[in-house]
Amino acid sequence: MGRKIYLENKSRVEALENLVGVLEEAEFFNSEYEEISVDDSLGRITSEPIYAKVSTPHYRASAMDGIAVFSTKTFGAAETNPIILDLEKDAQVVDTGDPIPDRFDSVIMIEHVNFADDNRLQIIAPSFPWQHVRAIGEDMVKQEMLLPSNHQIRPYDIGAMVAANIDSVNVKAKPRVAIIPTGDELVKPGTELKPGDIVEFNSRVMSGLTIEWHGKPVVFPIVPDEYEKIKETVLQAVENSHIIIINAGSSAGRDDYTSSVIEELGKVYTHGVAIKPGKPVVLGVVSGKPVIGIPGYPVSSALTFELFVKPLIYKKLGVEMVEREKVSVKVAKPLYSTLGMEEMVRVKIGRVGENLVATPLERGAGVMMSLVRADGIIKVPRLSEGIEVDLPVEAELFRTLREIEKSILMCGSHDLTLDVINDLFHRIYPGFSLASSHVGSLGGITALKRKEAHAAGMHLLDTETGEYNVSYLQKYLPNEELLLLNLVYRQQGLMVAKGNPLGIKGIETLIDPEIKFINRQKGAGTRILLDYLLEKEGIKGSQISGYKKEEYNHLAVAAAIVANTANVGMGIMAAAEALDLDFIPITEERYDICIPKAFIADERIQKLLHIVCSEDFRKEVENFGGYGTKQTGQIVWSNFLIKEGRLCEINLQEI
């Protein structure tokens, strides 16, 4: 089967409207119904009005534990004129919910009754008609409408239906979404992996989203990149499902058959949408049902599934699609984008001062963790080349604004202990979190200068004094009131493959042309340290193979060595141990957190300080290896008057 190259570049809105129009003509959105047990109806959508089968209560019932009486026989009762009633003819003991005999019309609470003996009682206050008596239909009346059509059933609604003696209910049938993962490289979770294998997980993401949107996922086994097998599976899915998803194979590679399969079985209406990520999406119709080719990269898969499948599910159900909450943010750095493409940029968001600040996450289509870490998404318009810093822009939230308001934004150097802090936030202070952005130590200082972070992590060596961080803060933030809190000391060195097969001994070995090096980005404290050590050895960066190849955190450097795309990289011992690499120690460095005075009394920062000073934090950090906690929580420098000692022990309100 020959390849079919996609040539279109439709806008997202145009592509979706075109598909919806075709499906409306095919009467795809006509609702389907089913009868289910009320007990199983939570979250379902009613297909018709629900009416009460009986009144509730369906008899006159006592609303209290007490004595049923005829009210006229109690008139005149008072403390000075108590009335004696005979239990045989004037009153009857009732409990809450008991039927009220026809000869009575009122209930006196048991607390207000004095029993003279077993057969007589005394009252000292009158009872008015229908006092503490529930009338027939007080709650709901037979044939009263309990729920309208197109109503999503809640726990309260289930209670009302059962109370009205309803045991089954007609609801909209859940749209069945067939999910067909394709690709020779895909394997089931739990498989012993070999190079080239990819664990199939996109179907799990799409299944979860389908359930969240009130649909029913139908996941097919992995289908190899064989045209006839893909076609056969699509035909099977069309028979039994409403919406068919072919995951992967939507691009223009030699084994990408999605477009051709849909064209043979039905019609392709769009192949190629002006969105990033997700451009090669295919929108087609087979036998009056939508068949959509979703790209295989995980971010492309998730985002295009939401953009094109979610609206179809909600429209099929006939209910309004709830949009995400939207807020105005300013971006922490310019967002440059491709003209003509609408780009979906995942961001971390936090409130710094009066502003909500959005920090872009990794933008690659294959970085699933960018969706896990994201607080929201910014859509860069199709006819824009990007978004400038400080200009307000709209962000759609993945989390509630309340949660985002409780996040600390920390920019700067990467360290594994920041993940420990975030985990302890979730354990000790539910609802609060630490969002760290790894932009290098100098990038963290820049973020503080621009009021885009609450704190910055750094380990910047002053090569003239041997001191860490202070001179950089004095140089770049001379007018800011700041303090430095030590987080940890850590071992910096060279990370190499297990067993050190190339016999790397130290910095001087890096000039060997057979050794492939992986570097950190400019502005990173590790890069500054490396350049200092190279200068001491009289080595230029141009002499090192791979010097210009950069990664943005220690684990990424370690991962490159594990993958054998590099033989050695500069990093911390904890990262080497995390990925089972050997480590050649070079120096111990100090890693600090810089906090502006303006944020010290902030509730979020106070909680951060308590975590840093906690025994739980110290124990977890020391378990990593390669860390020292001798000054953890200590103020190592400030440019305003403050007591010496551990910051968490100082009265922050006095600062």
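Tabulated data
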item	result
Subset of the range 199-218 (residues that are among the hydroxyl-bearing types (S, T, Y) and without any contact (Cβ under 8 Å) to a residue 60 or more places away in the chain)	S203, S207
Near pairs, Cβ below 8 angstrom, 6+ apart or cross-chain, from the range 219-241 (touching a residue at least 12 places away in the same chain (Cβ under 8 Å) and at positive phi) to any residue that is crowded, with 17+ Cβ neighbours inside 10 Å and of a type in the set (F, W, Y)	none
Tally, over the range 260-282, of residues that are surrounded by fewer than 24 Cβ atoms within 10 Å (Cβ to Cβ) and within 18 Å of A26 (Cα to Cα)	7
S301, sole failed condition from (1) of a type in the set (S, T, Y); (2) crowded, with 22+ Cβ neighbours inside 10 Å; (3) over 31 Å from the mean Cα position of the chain (by Cα)	(3)
Filter pass, D167 being within 29 Å of E32 (Cβ to Cβ), surrounded by fewer than 19 Cβ atoms within 10 Å (Cβ to Cβ), in contact with a strand residue (DSSP E or B) (Cβ under 9 Å, 6 or more places away or on another chain) and among the acidic types (D, E)	yes
Boolean, I378 is closer than 18 Å to V331 by Cβ, assigned to a strand (DSSP E or B) and not assigned by TED's automatic domain parsing to the domain that holds L555	yes
Subset tally (residues that are under 20 Å from K406 (Cα atoms) and not in a loop (DSSP other than H, G, I, E, B)) for the range 445-454	2
Elements of type strands (runs of 3 or more DSSP E) contained in the range 165-256, each with 1 or more residues being over 19 Å from V299 (Cα atoms), in contact with a Ser or Thr (Cβ under 7 Å, 6 or more places away or on another chain) and not basic (K, R)	168-172, 176-181, 216-219
Qualifying residue in the range 571-593 (condition: at pLDDT 95 or above, touching a Leu at 6+ places or on another chain (Cβ under 6 Å) and over 23 Å from I507 (Cβ atoms))	yes
Only listed residue being over 18 Å from N486 (Cα atoms) and in the same structural domain as G503 (by TED's automatic domain parsing), chosen from L581, L609	L581
Hits in the range 363-378 - residues which are in contact with a helix residue (DSSP H, G or I) (Cβ under 9 Å, 6 or more places away or on another chain) and surrounded by fewer than 16 Cβ atoms within 10 Å (Cβ to Cβ)	G364, G366
Residue list for the range 84-112, filter: under 58 Å from the mean Cα position of the chain (by Cα) and among the hydrophobic types (A, V, I, L, M, F, W, C)	V93, V94, I100, V107, I108, M109, I110
Elements of type strands (runs of 3 or more DSSP E) contained in the range 494-606, each with 3 or more residues being within 35 Å of the chain's Cα centre (by Cα) and closer than 30 Å to L477 by Cα	568-572, 582-596
Filter result (in contact (Cβ under 8 Å) with a residue 40 or more places away in the chain, touching a helix residue (DSSP H, G or I) at 6+ places or on another chain (Cβ under 8 Å) and surrounded by fewer than 24 Cβ atoms within 10 Å (Cβ to Cβ)) within the range 440-451	L442
Single match in E226, E185, E239, E212 (criterion: farther than 30 Å from V38 by Cβ, surrounded by fewer than 13 Cβ atoms within 10 Å (Cβ to Cβ) and not assigned by TED's automatic domain parsing to the domain that holds Y51)	E239
Residue list for the range 180-197, filter: among the hydrophobic types (A, V, I, L, M, F, W, C) and out of contact with any Phe, Trp or Tyr (no Cβ under 9 Å at 6 or more places or on another chain)	L186, V187, L193
Among residues of the range 495-517, those that are farther than 17 Å from D580 by Cα and touching a helix residue (DSSP H, G or I) at 6+ places or on another chain (Cβ under 6 Å), counted	4
Residue that is modelled with the lowest pLDDT, among those in the range 304-331 that are in a strand (DSSP E or B) and not hydrophobic (A, V, I, L, M, F, W, C)	K330
Filter result for E480 (among the acidic types (D, E) and in a loop (DSSP other than H, G, I, E, B))	yes
Number of the exception - D39 against (1) crowded, with 18+ Cβ neighbours inside 10 Å; (2) assigned to a helix (DSSP H, G or I)	(1)
Identity of the residue in the range 427-478, over 35 Å from the mean Cα position of the chain (by Cα) and aliphatic (A, V, I, L, M), that ends up farthest from V329 (Cα to Cα)	L461
Residue identified as at pLDDT 95 or above and surrounded by 14 or more Cβ atoms within 10 Å (Cβ to Cβ) among P217, P221	P217
Scan of the range 103-143 for residues that are assigned to a loop (DSSP other than H, G, I, E, B), in contact with a Phe, Trp or Tyr (Cβ under 9 Å, 6 or more places away or on another chain) and among the small types (G, A, S), ordered by number	S127
Residues of the range 545-559 satisfying the condition of being of a type in the set (A, V, I, L, M, F, W, C) and buried (at least 22 other Cβ atoms within 10 Å of the Cβ)	V557, A558
Candidate set: the range 332-358, residues that are assigned to a strand (DSSP E or B) and at pLDDT below 90; chosen: the one farthest from I595 (Cα to Cα)	Y336
Count - residues of the range 402-444 that are assigned to a loop (DSSP other than H, G, I, E, B), farther than 24 Å from L482 by Cβ and in contact with a strand residue (DSSP E or B) (Cβ under 9 Å, 6 or more places away or on another chain)	1
Inter-residue pairs, beta-carbon under 6 Å, first of a type in the set (S, T, Y) and in the range 147-165, second outside any loop (DSSP other than H, G, I, E, B) and modelled with pLDDT of 95 or more, 6+ apart	S149/T46
In the range 390-421, residue farthest from Y472 (Cα to Cα) [restricted to those that are in contact with a Ser or Thr (Cβ under 6 Å, 6 or more places away or on another chain) and buried (at least 16 other Cβ atoms within 10 Å of the Cβ)]	S407
Close pairs from the range 610-629: first farther than 14 Å from A574 by Cβ, partner polar (S, T, N, Q), Cβ under 7 Å, at least 6 apart	V612/T632; R618/T629; R618/T632
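The rows are residues; the columns are (1) part of a loop (DSSP other than H, G, I, E, B); (2) at pLDDT 95 or above.
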residue: M1; (1), (2): yes, no
residue: L7; (1), (2): yes, no
residue: A15; (1), (2): no, yes
residue: N18; (1), (2): no, yes
residue: G21; (1), (2): no, yes
residue: S31; (1), (2): yes, no
residue: E35; (1), (2): no, yes
residue: V54; (1), (2): yes, yes
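The values are calculated or read from the model by the stated rules, or taken from the named source; none is laboratory data. Note that the structure is a prediction, hence the values are computed from the model and not measured. All Cβ positions, even for glycine, are placed from backbone atoms using ideal geometry, and neighbour counts span all protein chains on display.
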